[in-house]
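The values are calculated or read from the model by the stated rules, or taken from the named source; none is laboratory data. Quantities reported herein were computed from a predicted structural model and do not represent experimental measurements. Note that each Cβ is placed from the backbone with ideal geometry, even for glycine, and that neighbours are counted across all protein chains shown.
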Amino acid sequence: METKRLKEQVKRNIARFPSDFLIEPNLSELADLRSQIATLDQVSSENYVFKHAPYLFTENGVAMLSSILQSQEAIQVNISIMRTFTKLRSFLAMESSLNEEVGQFKKNTNQLFKIVFERLDNLDDQITPKLPANRKKIGLKQNK
């Protein structure tokens, strides 16, 4: 699609492009962008002349742009965007479900470990012999 036609479509549907979807940079902003590319000269009014500033689209702007353009490529992009959003939504739902399951598993595991440790404490009390207080110690005597 020609740039001229693209800009026409955007102007016809400008209500679909709020400031966070579409940016019209001025000369100094274009110079900042261009200075980040080392092989390009600095932008000045002599070496970069244009009638209208180019449009810069954010990610949401590209999604909106694909919905207003009538080319086959734009239609395919729009379809892939919708499929991606659907997959993301299903992943979020799956993650929420998994978080609930992990939380429940953690709760059940903590309860089981509490029971196991209580029973081990009871067994330890039963197994440990009760020694009389006046019992003689057995073993080797150490001479000091």
*Looking only at residues in region 1-17 that are modelled with pLDDT of 80 or more and in contact with a helix residue (DSSP H, G or I) (Cβ under 9 Å, 6 or more places away or on another chain), which one is surrounded by the fewest Cβ atoms within 10 Å (Cβ to Cβ)?*
ARG12
_Residues satisfying the stated conditions in region 71-88, i.e. more than 18 Å from GLU59 (Cα to Cα) and either part of a helix (DSSP H, G or I) or free of Cβ contacts under 8 Å to residues at least 12 places away in the same chain (or both)_ = GLN72
